[in-house]
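Just below is one structure, and these are the notes that go with it.
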Amino acid sequence: MNSALDGVHRAGIPGVYAEVRDTDGTWRGASGVADVRTGRPVSPQMRHRVGSITKTFTAAAVMQQAEQGRIRLDAPIGDYLPELVPGERGRKITVRMLLNNTSGLPDYIPYAFPSLQRNSPASLDDNRFRQFTPAELIEMGVTAPPASEPGAPVGVYSNTNWLLLGRLLERVTGTTAEKYITRNVIERAGLRHTEFPTGPRINGPHARMYESLHGLIDPPRDYSVYNMSWTWTGAALVSTMEDLNRFYAKLLDGEIVSRSSLAQMQRTVPVIALDGSVIEYGLGLHKVVIPGCGTFWGHDGTVWGAGTMSLTRADGKRQMSVAVNLQRWNERDSSGQPQRHPIDDALETLYQQAMCGNSNARAENASLATALAP
């Protein structure tokens with residue numbers, strides 16, 4: 001495992017750190033630097049912006065409210081939030097469609113960061129300290145051209161869904177989504193280093209987080225200080241690899257939501273991820289099948305400069321959480337497609353060794369080396 005971590009660092013990631021658990025115990029390792037200027041090393045215990053892994057926490061909170069009868073998964077979102085999703089759309093899109101990304105609502109990110117549509121990184125700097133409201137971001141997604149019809153057989157991954165779910169939680173609980181998720185998901189799982197940020201800085205030891213934006217930012221720029229209101233209940237959480245493994249172990253063991261709720265979360269549909277690949281997506285959970293190794297559940301996440309992957313085998317006996325502090329390292333070819341990079345190969349080797357104990361197995365439904373759904 002140490003050599004696989006070193007391989008990721010040598011391939012071009014400044015810093016990578018991980019925790020792997022199996023029936024024989026827990027392994028933690030790190031390779032590279034948290035700061036390319038000072039050479040400060042990374043360590044396995046560092047906090048990290050875990051991006052869309054936040055979605056599993058949000059989904060678990062929604063399922064808890066469904067268990068208590070306050071949310072009906074197959075009810076129209078317009079029943080709860082008519083001012084945010086008005087008219088026919090609000091009557092057609094259900095809570096379940098938000099959870100499994102089949103609502104047809106497009107992602108708001110291209111509109112919140114408009115320079116991305118011009119292949120420019122300017123919006124990343126413009127928005128560094130901007131305070132977005134969920135309502136304005138949701139409006140960007142709801143008023144944009146639809147990605148598909150509600151309930152289409154193949155979903156389209158969209159962060160707009162997850163801000164609506166955050167507002168739904170607030171509507172039915174009478175408290176902020178951050179407080180509800182903290183009290184009923186984070187604290188129930190016994191996590192000590194996981195929180196929604198209250199400002200642009202990360203509390204506690206952490207690495208700087210470098211964004212390349214497919215070569216448009218050269219050298220990559222540090223975005224570890226950032227106002228995360230742009231992603232809220234979709235991808236704002238800060239956590240550690242130890243906490244992520246603990247969370248998914250508790251979730252898959254039926255300690256965060258009921259067994260029947262978990263079964264619904266594991267009912268998958270095909271979803272087109274932001275990178276164009278098709279993934280198997282449940283209610284806030286990814287399914288990854290590795291022949292000869294097993295079926296894994298979890299999520300990955302990316303925000304500016306930070307990437308994370310956390311997967312747990314269905315039987316709970318093997319877990320992997322990995323963090324890297326560089327994102328979008330692949331330059332694009334003439335057609336605009338990201339090109340394969342040695343980092344992808346090195347990460348694939350690391351993931352396979354972490355999950356299977358060898359480098360021979362191959363993921364059946366997606367490359368683990370690329371972000372499944374930022």
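From the list V33, V8, which one is over 30 Å from W162 (Cα atoms) and either of a type in the set (D, E, K, R) or touching a Pro at 6+ places or on another chain (Cβ under 6 Å) (or both)?
Values: V8 fails: either of a type in the set (D, E, K, R) or touching a Pro at 6+ places or on another chain (Cβ under 6 Å) (or both).
Residue meeting the stated conditions: V33.
Collect the residues in segment 256-315 that are within 22 Å of M209 (Cβ to Cβ), crowded, with 24+ Cβ neighbours inside 10 Å, out of contact with any Gly (no Cβ under 8 Å at 6 or more places or on another chain) and not hydrophobic (A, V, I, L, M, F, W, C), keeping them in residue-number order.
Within segment 256-315, G298, G305 meet the criteria.
I need the full set of residues from segment 15-50 which are more than 22 Å from Q352 (Cβ to Cβ), in contact with a strand residue (DSSP E or B) (Cβ under 8 Å, 6 or more places away or on another chain) and not hydrophobic (A, V, I, L, M, F, W, C), in order please.
G39, R40, P41, S43, Q45, R47, R49
Looking only at residues that are in a helix (DSSP H, G or I) and more than 17 Å from the chain's Cα centre (by Cα) in segment 151-176, which one is surrounded by the most Cβ atoms within 10 Å (Cβ to Cβ)?
As a first pass, look at segment 151-176 and keep what is in a helix (DSSP H, G or I): 159-173.
Within this subset, residues satisfying the condition of being more than 17 Å from the chain's Cα centre (by Cα) are 167-173.
Numbers: R167: 21, L168: 24, L169: 26, E170: 18, R171: 14, V172: 17, T173: 20.
Looking at the filtered set, the residue picked out is L169.
Restricting attention to segment 95-131, which residues are free of Cβ contacts under 8 Å to residues at least 40 places away in the same chain, over 30 Å from A152 (Cα atoms) and aromatic (F, W, Y)?
Scanning segment 95-131 gives no hits.
Are any residues in segment 110-129 assigned to a loop (DSSP other than H, G, I, E, B) and surrounded by 13 or more Cβ atoms within 10 Å (Cβ to Cβ), and if so, which ones? Lay out the reasoning, then the answer.
First, pick out the residues of segment 110-129 that are assigned to a loop (DSSP other than H, G, I, E, B): 113, 119-121, 127-129.
F113, S120, P121, N127, R128, listed by residue number.
Go through segment 280-312 and give me each residue that's closer than 30 Å to D126 by Cβ and of a type in the set (S, T, N, Q).
If the condition is that a residue be closer than 30 Å to D126 by Cβ and of a type in the set (S, T, N, Q), then T302, T308 are the ones that fit.
With the structure loaded, tell me whether A75 is crowded, with 17+ Cβ neighbours inside 10 Å and either on the phi < 0 side of the Ramachandran plot or in contact (Cβ under 8 Å) with a residue 40 or more places away in the chain (or both) or whether it fails that test.
no
Quick check, is K92 in contact with a Phe, Trp or Tyr (Cβ under 6 Å, 6 or more places away or on another chain) and of a type in the set (K, R)?
Answer is no for this residue.
For R89, are the conditions met, namely being more than 24 Å from W230 (Cα to Cα) and not polar (S, T, N, Q)?
It is false that R89 is more than 24 Å from W230 (Cα to Cα) and not polar (S, T, N, Q).
Output yes when any residue across segment 179-191 is assigned to a loop (DSSP other than H, G, I, E, B), buried (at least 18 other Cβ atoms within 10 Å of the Cβ) and free of Cβ contacts under 8 Å to residues at least 60 places away in the same chain, and no when none is.
yes
Go through segment 2-52 and give me each residue that's on the phi > 0 side of the Ramachandran plot and in contact with a Gly (Cβ under 8 Å, 6 or more places away or on another chain).
If the condition is that a residue be on the phi > 0 side of the Ramachandran plot and in contact with a Gly (Cβ under 8 Å, 6 or more places away or on another chain), then G32, G51 are the ones that fit.
Looking only at segment 283-312, which residues are of a type in the set (G, A, S) and either farther than 25 Å from S103 by Cβ or modelled with pLDDT under 95 (or both)?
Within segment 283-312, G292, G294, G305, A306, G307 qualify.
Considering V16, V42, V20, V85, which residue is surrounded by 23 or more Cβ atoms within 10 Å (Cβ to Cβ) and under 21 Å from the mean Cα position of the chain (by Cα)?
So the residue among V16, V42, V20, V85 that is surrounded by 23 or more Cβ atoms within 10 Å (Cβ to Cβ) and under 21 Å from the mean Cα position of the chain (by Cα) is V16.
Scan (1) of a type in the set (A, V, I, L, M, F, W, C); (2) out of contact with any Phe, Trp or Tyr (no Cβ under 6 Å at 6 or more places or on another chain); (3) closer than 25 Å to M140 by Cα for the single condition A273 breaks and write down its number.
(2)
With the condition kept exactly as written, say whether any residue in segment 226-244 is in a loop (DSSP other than H, G, I, E, B), surrounded by fewer than 20 Cβ atoms within 10 Å (Cβ to Cβ) and without any contact (Cβ under 8 Å) to a residue 40 or more places away in the chain.
No; the residues of segment 226-244 include none that is in a loop (DSSP other than H, G, I, E, B), surrounded by fewer than 20 Cβ atoms within 10 Å (Cβ to Cβ) and without any contact (Cβ under 8 Å) to a residue 40 or more places away in the chain.
Which condition breaks for L311 when tested against (1) part of a loop (DSSP other than H, G, I, E, B); (2) of a type outside the set (S, T, Y); (3) under 23 Å from V238 (Cβ atoms)?
(1)
Failed condition for S148, given (1) crowded, with 21+ Cβ neighbours inside 10 Å; (2) assigned to a loop (DSSP other than H, G, I, E, B); (3) not aromatic (F, W, Y), with all others met?
If we test S148 against (1) crowded, with 21+ Cβ neighbours inside 10 Å; (2) assigned to a loop (DSSP other than H, G, I, E, B); (3) not aromatic (F, W, Y), just (1) comes out false.
When the residues of segment 198-216 are narrowed to those that are surrounded by 18 or more Cβ atoms within 10 Å (Cβ to Cβ) and in contact with a helix residue (DSSP H, G or I) (Cβ under 8 Å, 6 or more places away or on another chain), which ends up nearest to G12 (Cα to Cα)?
E211
The values are calculated or read from the model by the stated rules, or taken from the named source; none is laboratory data. Computed from a predicted model, the values in this text were never measured in an experiment. Every residue, glycine among them, receives a Cβ derived from its backbone with ideal geometry; neighbour counts consider all protein chains shown.
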